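Let me begin by presenting the structure, written as structure tokens, before commenting on it.
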Ligand SMILES: Cc1ncc(COP(=O)(O)O)c(C=O)c1O
């Protein structure tokens, strides 16, 4: 009824009891349906008042044209991600810009004082240990804490299943080094986090991009066809609150993905860096939680939830444990010890669960507000994802808008955005951009409005009305 316009944005929808009577279903059924509609941000609860239709948002992105991908020949691509990504990364380091380009957390939501206090205290407490190598697999205390937390993701891991890494990037790098050789083909959900494309390039890997649906994640149907036709060495997916699309793969799809890969005996590298950041409800499960054969190499870090600069990540590489340890030793011997000690202490006594509740709520609000601002500022026809966790938004603009040109214009105004082109080896996302909603606030709203006006210009429909005029 919302889609048909029976209920319009801002209007109150029937109460749970009313609808339960009207449809002759139980109150719990209506409640569950309303939770689902809330998650998709179609309705919102207002305390002591009821449920209302959310402010109007642009349409979500279209489903990818799986039909076309399903019939095309599978041609793994060589990756040439170099120059542009490096330039964009350099901009992202520039504190003078409004940083919508990098998927970094809001510095105001990093528990910096507490973490840094723990860093100092733990380094004093473990004076000798803190300055020596934390030889792989790394701090036992930290690995123990990680296994306790991961119970929520359906994984029963032992500390000895985990290896501490320098961020999730190194975790994925080690996983790739452990199972792939130069020239091998890797299947990945597309679009894909652009840093990974650089990693693939540096390892001489070829990439087969499997389309991702904005609701279900990687297309298992296309992947199955590809597995039958092309030798694929490994598969990589960002399963929960994917970067850039924000998708959380439904459990049924996760299970099917693992069953399919098992059939072809292909290892899965699962990046779960955003798994702790659902906007509501339970932490989602990981594909790893169904893995009884050690096929999944689960990678994550505390870069989105605690502090990216601490560089504390980890991998649970299943049956590839020894190979990953070997790669870790030759790559960096060990990861920095003091930050491992500090994160272990934060997980033990720092109120991590409470911290997560606070940042999830903040990111949920920021993502909704930024999507709303995009809806007002960007050209008609712009579509935007409805993430249910994490903090990135993916925009599909009219095809006439070249996201690289938009990136250049925004850069001149001191704003960074991530152009869609860098998320793929193809030019399929040339009209898309990713925005970091973590840094959206009333202070940076102007930057969304400015980029929206630039997009209007590039779309050829003239500058939009400035809302402040
Ligand atoms: C999906 C995904 N994986 C990995 C990373 C890198 O994480 P880290 O800083 O822990 O290396 C990022 C950071 O943006 C990411 O979005």
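No lab work stands behind these numbers, since they all come straight from the coordinates. Just so you know, these numbers come straight off a predicted model, no measurement behind them. All Cβ positions, glycine included, derive from the backbone under ideal geometry; neighbour counts span all protein chains shown.
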Hey, if you drop one equal point scatterer on each alpha-carbon of the range 204-266 and run the Debye formula without solvent, what base-10 log of I(q)/I(0) do you get at q = 0.28 Å⁻¹?
-1.34
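Over all directions, what mean area does the Cα convex hull of the range 112-351 project, stated in square nanometres?
Working: hull surface 48.6 nm².
Mean projected area for the range 112-351: 12.1 nm², to one decimal.
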Would you mind getting me the FRET efficiency between residue 129 and residue 353? Use the beta-carbon distance for r and R0 = 25 Å, nearest 0.05.
0.40
Of every Cα-Cα pair in the chain, the percent that sits beyond 42 Å:
16
What whole number of Å gives the distance from the Cα centroid of the range 177-207 to the Cα centroid of the range 362-393?
29
Within a 10 angstrom radius of the beta carbon, how do 292, 147, 166 rank from fewest other beta carbons to most?
292, 147, 166
Rounded to whole angstroms and listed largest first, the alpha-carbon spread of the range 1-56 along its three principal axes comes to 29, 24, 19
FRET efficiency, 1/(1 + (r/R0)^6) with R0 56 Å, evaluated for residue 264 and residue 18 via beta carbons:
0.65
Considering just Cα atoms, how many Å³ per residue does the convex hull of the range 117-165 enclose?
86
Rounded to a whole number of µm²/s, how large is the Stokes-Einstein D of the range 75-135 at 20 °C and 1.002 mPa s, given Rh as the Kirkwood radius over C-alpha pairs?
136
Rounded to the nearest Å, the spacing of the alpha-carbon centers of the range 124-174 and the range 310-348 is 5
Taking only Cα atoms of the range 78-223, what ratio of Rg to Rh do you get with Rh as the Kirkwood inverse-distance radius?
1.01
What are the extents of the Cα atoms of the range 276-411 along their three principal axes, in Å, largest first?
52, 34, 33
Can you give the log10 of the normalised intensity I(q)/I(0) at q = 0.13, 0.21 Å⁻¹, computed with Debye over equal Cα scatterers of the range 354-458?
-0.44, -1.07
Using only the alpha-carbon atoms, what does the range 151-243 span along each of its principal axes? Please give whole angstrom values in decreasing order.
38, 32, 24
